[in-house]
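Single-structure report; data block below.
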Amino acid sequence: MRSISTVFFITAAVFALAGMAWGIQMSASHDHSLSPAHGHLNLIGFVAMSVFGTYYALSPRAAESGLAKVHYLVATASVVVLVPGIVFAITDRGEILAQIGSVLAVLTMALFLVVVLRHGIERGSRAVAAE
């Protein structure tokens with residue numbers, strides 16, 4: 001089984017590739033009307049997921065916690081729901097997915113805060129509590 005940090009990094013890379021392809025498509029079509037959704041895909045899908053993966057790589061005890069797996073699932077769900085939700089909102093097809101995705105994104109960050117407060121960052125064999 002892959003470590004949670006590896007799973008975060010793999011997912012981040014998939015989201016980054018999707019964001020890059022979408023950016024190329026927008027550039028080729030000269031239609032940037034969906035750029036807010038594209039930006040959220042890159043920011044939450046790639047940047048935040050990479051930050052989370054880095055934290056878990058540096059904090060093995062946190063990575064082994066059940067909360068880390070929940071964090072991954074909520075983080076992935078937030079991107080999968082929020083990005084299409086923003087597209088729907090921009091194209092006047094409703095805002096409910098964007099609203100749900102936004103709540104999931106906030107929950108993702110709140111879970112990250114709980115994990116960091118609970119586990120800190122490990123250095124060598126001892127954990128350094130969050131200060």
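No lab work stands behind these numbers, since they all come straight from the coordinates. Just so you know, these numbers come straight off a predicted model, no measurement behind them. Glycine also receives a Cβ, built like all others from the backbone with ideal geometry; neighbour counts cover every protein chain displayed.
Quick check on the range 116-125. Is at least one of its residues without any contact (Cβ under 8 Å) to a residue 24 or more places away in the chain and either part of a helix (DSSP H, G or I) or buried (at least 21 other Cβ atoms within 10 Å of the Cβ) (or both)? There is at least one residue in the range 116-125 that is without any contact (Cβ under 8 Å) to a residue 24 or more places away in the chain and either part of a helix (DSSP H, G or I) or buried (at least 21 other Cβ atoms within 10 Å of the Cβ) (or both). Regarding the range 54-73, can at least one residue be identified that is within 23 Å of residue 5 (Cβ to Cβ), in contact with a strand residue (DSSP E or B) (Cβ under 7 Å, 6 or more places away or on another chain), in a loop (DSSP other than H, G, I, E, B) and hydroxyl-bearing (Ser, Thr, Tyr)? Checked against the condition, which is being within 23 Å of residue 5 (Cβ to Cβ), in contact with a strand residue (DSSP E or B) (Cβ under 7 Å, 6 or more places away or on another chain), in a loop (DSSP other than H, G, I, E, B) and hydroxyl-bearing (Ser, Thr, Tyr), the range 54-73 yields at least one hit.
Do we find a residue being assigned to a helix (DSSP H, G or I), out of contact with any Asp or Glu (no Cβ under 8 Å at 6 or more places or on another chain), more than 30 Å from residue 119 (Cα to Cα) and free of Cβ contacts under 8 Å to residues at least 12 places away in the same chain anywhere in the range 32-50? Yes, the range 32-50 has at least one match.
Of all the numbered requirements in (1) in a loop (DSSP other than H, G, I, E, B); (2) in contact (Cβ under 8 Å) with a residue 40 or more places away in the chain; (3) not polar (S, T, N, Q), residue 15 misses one, and that requirement is (1). If you go through the range 24-42 and keep only what is loosely packed, with under 14 Cβ neighbours inside 10 Å and of a type in the set (A, V, I, L, M), you end up with 24, 28.
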